[in-house]
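Visitor: Got a structure for you, written out below as structure tokens; questions coming shortly.
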Amino acid sequence: MSVKASAPSNSWPAAGRPSLIVVDDEVPVLRLIERLANKSGFDVMTCSSGSDALRLLARKPADLAMIDLRMPDVNGLELLRQIRRAVPGCEVILMTGHASVESAVEAIKLGAREFLTKPFDFDRLRKLLSSIREELGRRAQVVALESAVARQLEFCGMLGRSPAMQEVFSLIQRLAPHAKAVLLSGETGTGKELAARAFHEAGPRKAKPFITVNCSAVVATLFESELFGHVRGAFTGAVEAKSGLFEAAQGGTLFLDEIGELPLAVQAKLLRTIEFGEVQRVGSLQTRRVDVTIIAATNRDLRVEVAAGRFRGDLFYRLNVVEIELPPLRDRREDIPYLTAAFMGDCAQRMRKPLTGMTAVAERLLLTASWGGNVRELKNVVERACMLAEGNLITERDIEASLGPAPATGQTAQGRAFSPALSSVERGHIVDVLRQVSGNRMAAAKILGISRRALYRRLERHGIADIS
Ligand SMILES: Nc1ncnc2c1ncn2[C@@H]1O[C@H](COP(=O)(O)OP(=O)(O)OP(=O)(O)O)[C@@H](O)[C@H]1O
Ligand SMILES: [Mg+2]
């Protein structure tokens, strides 16, 4: 027997009309709404009690529920609560003939979309139904629509619709043909490595090598020889002459990630290479010409490092002639839906899940989360939510479970930033990821996008013991 995974279906709403369930103990109200909603493009089910509605919804989930507040058995607020739990993809509108401010507030807090008073204002009701219908259609296809927009706005693998990211793309495009040394700064997970690759891709060295050196992963004593090469016998163990990464990157780009970790002695040599375009292998007096663009990245504030004497001022000023700062995700929240849709689309395809969108509440959660780990964290959260999702939509439950507990430092649930120290965000993120993979360091390093050695260094630096 073969089981065929269904391809992501983007056919809604073409495949059918969205469904509405009306729950009211007054039959004339049921008939009235049925007629109106039918005209607005909904398939309508009617129920005269809350318990019937729950039974019906268990068999046939609806996209929208219109519920009377006062009913003899289950009251409207209780029904709302149960629907949010059992059918999170279902939007709820409450209706009442005896509006009270308290119950309206309570309903909205519980996640109701609207609170309508009877007798109905037909015009308003029609508009509301058609706007919900449109929105349902959009949300059901959010993956298809928004990831298409995201892809249209893609720049060398980077997505971003916000003015801040468009400015970054434009800077990279304008500078890539000319710059020989570039500094990329920004918090962890903002896309520095991606930007470095984009820089390479957008420039004239595209067909030449792009070599990455993670400065936090190289053993300090081997740094010089790794970068500049050595001659035979230059030090114990140097049995053969070896060219360094600068020579390997000839004509292309050398990406020095986490430049803040580079030992001071090597910094001096790097500065000479940038200024004169030549390298000297360890143990040799001879210099060799190299034509390499250097892109350095850091998530530390190098000005602070310079002030503390840990980073050479002259190298910093040489690098920051061309500095591009990747903005944190919390400052460009308008990118969240597009990034989410693109990541969801990729996951749906990879995991062969028929995911087409997410619930309104889930969307709001993503828009307001604090995102201390920036795009990397968003990508991980979306990926976990995709794994957890059961139907066509990612629900708020999937997102809540994937977001994990709020960080001790960072932001409020509403996402008001108070700028935690970068290192505490990094520490929290590492611990979080380690917990997700039950302490498996190899897996954690992979998710974090760093080498295992780089992870060990960070565990040591942050004093993180075994986590399982
Ligand atoms: N603009 C973007 N569009 C699409 N994906 C992005 C974007 N920015 C970052 N990402 C994704 O987020 C993850 C982290 O990005 P990247 O490794 O470039 O961040 P970083 O700034 O180098 O982080 P760190 O400082 O921790 O090394 C990657 O999976 C990357 O593909
Ligand atoms: Mg990086």
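Visitor: Rounding to the nearest 10 and keeping the result within 0 to 90°, find how far the Cα-based axis of helix 264-276 lies from the longest principal axis of the chain.
Guide: Around 80 degrees separate the two axes.
Visitor: I've got another one for you. Using Cβ-Cβ distances only, list the Cys residues of the chain with no partner cysteine under 4.7 Å, sorted by number.
Guide: That list is 47, 90, 156, 215.
Visitor: Something else now. Select from 29, 54, 19 the residue farthest towards the positive end of the dipole of segment 17-63; place +1 on Cβ of Lys and Arg, -1 on Cβ of Asp and Glu, and compute about the Cα centre.
Guide: 19
Visitor: I need to check one value: relative contact order of segment 162-212, counting alpha carbon pairs closer than 8 Å and at least 6 residues apart, in percent.
Guide: Once normalised by length, the contact order is 40 percent.
Visitor: Find the accessible area per residue for segment 146-242; the probe is 1.4 Å, ligands and nucleic acids are left out, and the unit is Å².
Guide: Dividing the accessible area of segment 146-242 by its residue count gives 47 Å².
Visitor: Something else about it: Nearest 20 debye, what's the magnitude of the dipole of the chain about its Cα centre given +1 on Lys and Arg Cβ and -1 on Asp and Glu Cβ?
Guide: Dipole size: approximately 1100 debye.
Visitor: Moving to a separate point now. Within straight cross-link reach of residue 353, meaning Cα distance under 15 Å, which aspartates and glutamates are found once same-chain residues fewer than 8 apart are removed?
Guide: Candidates past the 8-residue exclusion: 383, 390, 398.
Visitor: I need the phi-derived Karplus couplings for segment 377-382: 6.51 cos²θ - 1.76 cosθ + 1.60, θ = phi - 60°, integer Hz, Gly and Pro marked x.
Guide: Values, residue by residue: 5, 4, 4, 5, 5, 5 Hz.
Visitor: Separate question: To the nearest µm²/s, what D does Stokes-Einstein give for segment 289-392 at 10 °C and 1.306 mPa s, using the Kirkwood radius over alpha carbon pairs as Rh?
Guide: 95 µm²/s
Visitor: Taking a point 7 angstrom from the Cα of residue 220 along the C-beta vector, which residues in segment 297-322 have backbone N less than 16 Å away?
Guide: Output list for this probe position: 309-312.
Visitor: On alpha carbon coordinates alone, what is the Rg over Rh value for segment 52-204, Rh being the Kirkwood radius?
Guide: Rg/Rh: 1.24.
Visitor: Can you tell me the relative contact order of the chain? Whole percent, Cα pairs under 8 Å, sequence separation 6 or more.
Guide: It comes to 15 percent, rounded to a whole number.
Visitor: At q = 0.11, 0.12, 0.22 Å⁻¹, what log₁₀ I(q)/I(0) does segment 132-265 have when each alpha carbon counts as one equal point scatterer in the Debye sum?
Guide: Debye curve over Cα of segment 132-265, log10 I(q)/I(0) at q = 0.11, 0.12, 0.22 Å⁻¹: -0.56, -0.63, -1.31.
Visitor: Note down the net charge around residue 46, summing +1 for each Lys or Arg and -1 for each Asp or Glu among other residues with Cβ under 9 Å from its Cβ.
Guide: -1
Visitor: Within the accessible area of the chain, what % is carbon and sulfur when the probe is 1.4 Å and the other protein chains stay in place?
Guide: 53 percent
Visitor: How much net charge surrounds residue 390 when only other residues with a Cβ under 11 Å from its Cβ are counted (Lys, Arg +1; Asp, Glu -1)?
Guide: +1
Visitor: Still on this model: Please report the net charge: other residues with Cβ closer than 10 Å to the Cβ of residue 145, K and R +1, D and E -1.
Guide: +1
Visitor: Right, something else. Computed over the Cα atoms of the chain, what is the convex hull's projected area averaged over all directions, in nm²?
Guide: Average projection, Cα convex hull of the chain: 28.6 nm².
The values are calculated or read from the model by the stated rules, or taken from the named source; none is laboratory data. Just so it is clear, the model here is predicted, and its values are computed rather than measured. Neighbour counts run over all protein chains shown; Cβ positions are idealised from the backbone, glycine included. For the accessible areas, the whole protein counts, side chains as well, though only heavy atoms, and no ligand, DNA or RNA atoms are used. Shrake-Rupley method; radii C 1.70, N 1.55, O 1.52, S 1.80 Å.
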